[in-house]
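Written out below as structure tokens is the structure these notes cover.
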Amino acid sequence: IHSKLHNVGTTIFTVMSQLAAEHGAVNLGQGFPDFPMSDELVSLVDKAMRNGWNQYTHMNGLPLLRERLAAKAAQLYGAAIDPDAQITITPGGTYAIYTALTTVLQPGDEVIVFEPAYDSYIPNIEINGAKPVLIPLRYPGYSIPWDEVRSKISGRTRMIMINSPHNPTGSVLREEDMRQLQEIVAGTHIIVLSDEVYEHLIFDGIAHQSVLRYPALLERSFVCFSFGKTYHCTGWKMGYCISAPSLMQEFRKVHQFNCFSCDTSKQVALAEYITHEDAYLSLSDFMQQKRDYFRKLMEATPFRCIPSHGSYFECYGYGHFSNETDKELAIRLTREYGIATIPVSAFYKEGKDDKVLRFCFAKKEQTLERAVEKLVHLC
Ligand code: GLN
């Protein structure tokens, strides 16, 4: 067949996890926790299944779960969300992003994407016949160069994608960024796609700048979230999207013929568990401790830290001690040192190599110790 994604191979997350498994390496590559999720939440799924919640639920998601998500959005971000018209439960955050792009994009449209970018964004744009307009985040700090954004807006600009906390760099957007974004899109037809799957993993006392805080943005935005990141259950593939009613109406036209509806028992369980505010309010502190622990351990290695302020990733540079490409080093570390990471060039369309690796620190302390122990002798 004629490939619709001829420049695309297998996602780096699968490649590195497979390599890790082959070599019995500690996997700090693909982002997922290695500690158990809440036992109570597991029991709630069990209870829901035994109580007969095993058939299709509402196409847009279990009504009670959507009601509670709307209440949470009001409490955390002061947003007035209509759960019937503005929330759809999706099989994961990546699916929500794909669906939002497919809902909006026409061939020839342009989408502003900041690089490094999560690896699904660009293929998802291209499969819709649209064109990614790439803007590098500004080093150090990986901040958005708003002047450059202004200069890249054209009559064809249909969307701007933002992601905070950011995968892979852990950078976070500030109030000033949101002000700039609002200014740029005001009076245009540009739609914002905001990937906020790490909303509850934000460190150093910084407040998450959700699009939900900004009514003028929300009316032109799709905001994507993930239960997997918040409740340590990435394998559940559960997330949701919030948007303006008119956008959500179109989003659901795409969703209904793709996934249609998501796992019922898990939605019943989440609807009950979500009332435990502490589970998500304590998450940033919990994960910050892991970041700090990992960072301290890494001081004994030759790697240079590029500080993360959110997500469960931290990037480290090695250009001062090796000329290898990041892919070469990532493979060598997996094979010879038994530790898998993600080469950050995988987050660039043209594979730009800054000699940086991404490490996932959502792991037990022993796992982090076991991983870093091996890196101490690296040269
Ligand atoms: N979001 C995860 C990461 O960045 C990976 C998800 C996936 O493997 N598709 O590591």
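Given Arg304, Arg295, which one is touching a His at 6+ places or on another chain (Cβ under 8 Å) and either of a type in the set (Lys, Arg) or more than 23 Å from Gly205 (Cα to Cα) (or both)?
Arg304
Scan segment 313-331 and give yes if some residue there is under 30 Å from Asn124 (Cβ atoms), surrounded by fewer than 21 Cβ atoms within 10 Å (Cβ to Cβ), free of Cβ contacts under 8 Å to residues at least 24 places away in the same chain and among the polar types (S, T, N, Q), otherwise no.
no
Of the conditions (1) buried (at least 20 other Cβ atoms within 10 Å of the Cβ); (2) away from the ligand (no atom under 16 Å from the Cβ); (3) small (Gly, Ala, Ser); (4) not assigned by TED's automatic domain parsing to the domain that holds Ser210, Ala79 satisfies every one except a single condition; which number is it?
Every listed condition holds for Ala79 apart from (4).
So, restricting to helices (runs of 4 or more DSSP H) that lie completely within segment 185-268, which ones have at least 1 residues that are over 30 Å from Arg295 (Cβ atoms)?
215-218, 245-256
How many of the residues in segment 5-38 are within 15 Å of the ligand (Cβ to nearest atom) and exposed (fewer than 11 other Cβ atoms within 10 Å of the Cβ)?
So the answer is 2.
I want to confirm something. Restricting to segment 83-121 and keeping residues that are within 14 Å of the ligand (Cβ to nearest atom) and in a helix (DSSP H, G or I), which single residue is surrounded by the most Cβ atoms within 10 Å (Cβ to Cβ)?
Only one residue tops the list, namely Ala96.
Which condition from (1) out of contact with any Asp or Glu (no Cβ under 7 Å at 6 or more places or on another chain); (2) within 15 Å of the ligand (Cβ to nearest atom); (3) basic (Lys, Arg) is the one that Lys296 breaks?
Looking at each condition in turn, Lys296 falls short on (2).
Hey, among Gly187, Gly155, Gly141, which residue is away from the ligand (no atom under 16 Å from the Cβ), in contact (Cβ under 8 Å) with a residue 24 or more places away in the chain and surrounded by fewer than 18 Cβ atoms within 10 Å (Cβ to Cβ)?
Gly141
Return the residues of segment 284-313 that are more than 19 Å from the chain's Cα centre (by Cα) and among the hydroxyl-bearing types (Ser, Thr, Tyr); say none if nothing qualifies.
If the condition is that a residue be more than 19 Å from the chain's Cα centre (by Cα) and among the hydroxyl-bearing types (Ser, Thr, Tyr), then Tyr293, Thr301 are the ones that fit.
One line per residue, one yes/no per condition, for (1) farther than 22 Å from Glu373 by Cα; (2) among the β-branched types (Val, Ile, Thr):
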| residue | (1), (2) |
| --- | --- |
| Gly310 | yes, no |
| Glu314 | no, no |
| Ser322 | no, no |
| Ile331 | no, yes |
| Thr341 | no, yes |
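Please indicate, with yes or no, whether at least one residue in segment 261-284 is under 30 Å from Glu148 (Cβ atoms), touching a residue at least 60 places away in the same chain (Cβ under 8 Å) and assigned by TED's automatic domain parsing to the domain that holds Arg50.
No, segment 261-284 contains no residue that is under 30 Å from Glu148 (Cβ atoms), touching a residue at least 60 places away in the same chain (Cβ under 8 Å) and assigned by TED's automatic domain parsing to the domain that holds Arg50.
Just the residues that are under 11 Å from Asn60 (Cα atoms) and of a type outside the set (D, E, K, R), please, taken from segment 243-267.
Once the filter is applied, which keeps residues that are under 11 Å from Asn60 (Cα atoms) and of a type outside the set (D, E, K, R), segment 243-267 yields Met248, Gln249, Phe251, His255, Gln256, Cys259, Phe260, Ser261, Cys262.
Given (1) touching an Asp or Glu at 6+ places or on another chain (Cβ under 7 Å); (2) free of Cβ contacts under 8 Å to residues at least 12 places away in the same chain, identify the lone condition not met by Leu44.
Unmet for Leu44, out of (1) touching an Asp or Glu at 6+ places or on another chain (Cβ under 7 Å); (2) free of Cβ contacts under 8 Å to residues at least 12 places away in the same chain: (2).
Within segment 65-73, identify whether any single residue is part of a helix (DSSP H, G or I) and free of Cβ contacts under 8 Å to residues at least 12 places away in the same chain, and answer yes or no.
Taking every residue of segment 65-73 in turn, at least one turns out to be part of a helix (DSSP H, G or I) and free of Cβ contacts under 8 Å to residues at least 12 places away in the same chain.
For segment 194-212, check the following and say yes or no: at least one residue is more than 18 Å from Phe313 (Cβ to Cβ), polar (S, T, N, Q) and in contact (Cβ under 8 Å) with a residue 60 or more places away in the chain.
So far as segment 194-212 goes, yes, one or more of its residues are more than 18 Å from Phe313 (Cβ to Cβ), polar (S, T, N, Q) and in contact (Cβ under 8 Å) with a residue 60 or more places away in the chain.
Answer yes or no: is there a residue in segment 345-366 that is polar (S, T, N, Q) and either more than 16 Å from the ligand (Cβ to nearest atom) or over 19 Å from Leu137 (Cβ atoms) (or both).
Scanning segment 345-366 turns up at least one residue that is polar (S, T, N, Q) and either more than 16 Å from the ligand (Cβ to nearest atom) or over 19 Å from Leu137 (Cβ atoms) (or both).
Within segment 293-312, track down each residue that is of a type in the set (Lys, Arg) and without any contact (Cβ under 8 Å) to a residue 12 or more places away in the chain.
Hit for segment 293-312 is Lys296, nothing else.
Among the listed residues Gly228, Gly239, identify the single one that is small (Gly, Ala, Ser), touching a Cys at 6+ places or on another chain (Cβ under 7 Å) and closer than 30 Å to Ile190 by Cα.
Gly239 is the lone residue from the list that is small (Gly, Ala, Ser), touching a Cys at 6+ places or on another chain (Cβ under 7 Å) and closer than 30 Å to Ile190 by Cα.
What do you reckon, is Arg291 in contact with an Asp or Glu (Cβ under 8 Å, 6 or more places away or on another chain), more than 23 Å from Gly141 (Cα to Cα), at pLDDT 95 or above and among the basic types (Lys, Arg)?
No, not satisfied.
The values are calculated or read from the model by the stated rules, or taken from the named source; none is laboratory data. Quantities reported herein were computed from a predicted structural model and do not represent experimental measurements. For neighbour counting, all protein chains shown are included, and Cβ atoms are generated from backbone atoms with ideal geometry for every residue, glycine included.
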